[in-house]
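**Q** Just passing along the structure, written as structure tokens.
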Amino acid sequence: KVLSKRLRDGSQMNFTSTQAISVISIYSRHVDPLLQSAFALNIAASFTRELMKSVLLIEMNTADEDVARILHVDGEHAAFRKNITRHDILGGEDVSQFIIKHKIGFHILPISTAAKMQPRLFEKAITPLLLGLKKHYDYMLINCAKDIKRLVQTALEQSDRILYLTPVSENAIQRCKKDADMFVQGYGDHNRLIIGVL
């Protein structure tokens, strides 16, 4: 709610009428994948309700099947698994048939499910997919996998903001400081990085 309020007010994130922020990645090396996915789902729901904008959650995290159960979209998820192997969803083709619509209003694209069936997807760039989807959504939230392979790396590079999640412990906070320095070196401007403590 706080993040969506900041985006709406535009006070702390330089949000302008030209919508400078449209792609937000959620990443963690140390938070449980299911907790990270629950956080991502809450952000998607909050953006939909608070900002009244179109939101797509691109799910790359390993907890995708648990997420499908939590959201009661098991049937749609099973249909996605059945049909995805014949398509290159990262190559820029129309992916609308694979997008799952949740009753709250946001949409989900479970890339992690496709990557489990086609592991080479993790070695591809997400850029063509994002370019194709940008015209359909106000916000794209990318729930990143822990391993920074090319898919995750290009997601972080293409993001306007990176929400880096860390657990509450002294060791985790110290690791987070080192990771934050690494992210700034690897992905540019430190203003893009937001630290979230769970």
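**Q** Quick test for you: out of L193, L90, L130, L121, pick the one residue that is surrounded by 13 or more Cβ atoms within 10 Å (Cβ to Cβ) and at pLDDT 90 or above. Give the steps one after another, and end with the answer.
**A** On the way: L193 fails: at pLDDT 90 or above; L90 fails: at pLDDT 90 or above; L121 fails: at pLDDT 90 or above.
Result of the check over L193, L90, L130, L121: L130.
Per-residue answers, yes or no, for (1) touching a strand residue (DSSP E or B) at 6+ places or on another chain (Cβ under 7 Å); (2) under 25 Å from P110 (Cβ atoms):
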| position | (1), (2) |
| --- | --- |
| D147 | no, yes |
| L156 | yes, yes |
| S159 | yes, yes |
| Q174 | no, no |
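**Q** Still on this structure, I have one more. If the Cβ limit is 9 Å and pairs must be 6+ apart or interchain, which residue in region 156-174 that is without any contact (Cβ under 8 Å) to a residue 60 or more places away in the chain pairs with which residue that is open to solvent by less than 10 Å² (accessible area, probe 1.4 Å) and outside any loop (DSSP other than H, G, I, E, B)?
**A** Here the result reads I173/T166, each pair linking region 156-174 to a residue that is open to solvent by less than 10 Å² (accessible area, probe 1.4 Å) and outside any loop (DSSP other than H, G, I, E, B).
**Q** Open to solvent by 40 Å² or more (accessible area, probe 1.4 Å) and under 20 Å from F39 (Cα atoms): which single residue out of K149, K103, K178, K116 fits that description? Walk me through how you get there before you give the answer.
**A** Values: K149 fails: under 20 Å from F39 (Cα atoms); K178 fails: under 20 Å from F39 (Cα atoms); K116 fails: under 20 Å from F39 (Cα atoms).
From the options K149, K103, K178, K116, the qualifying one is K103.
**Q** Of the numbered conditions (1) at pLDDT below 75; (2) of a type in the set (V, I, T); (3) more than 22 Å from R192 (Cα to Cα); (4) open to solvent by 80 Å² or more (accessible area, probe 1.4 Å), T18 satisfies every one except a single condition; which is it?
**A** (3)
**Q** Okay, moving on. If the Cβ limit is 9 Å and pairs must be 6+ apart or interchain, which residue in region 106-125 that is farther than 14 Å from K146 by Cα pairs with which residue that is in a helix (DSSP H, G or I) and polar (S, T, N, Q)?
**A** F106/T48; K124/T154; A125/Q153; A125/T154; A125/Q158
The values are calculated or read from the model by the stated rules, or taken from the named source; none is laboratory data. Since this is a predicted model, take the numbers as computed values, not measurements. Note: ideal-geometry Cβ built from the backbone for every residue, glycine included; neighbour counts use all protein chains shown. These accessible areas exclude ligands, DNA and RNA; they are computed on the full protein's heavy atoms, side chains included. Shrake-Rupley method; radii C 1.70, N 1.55, O 1.52, S 1.80 Å.
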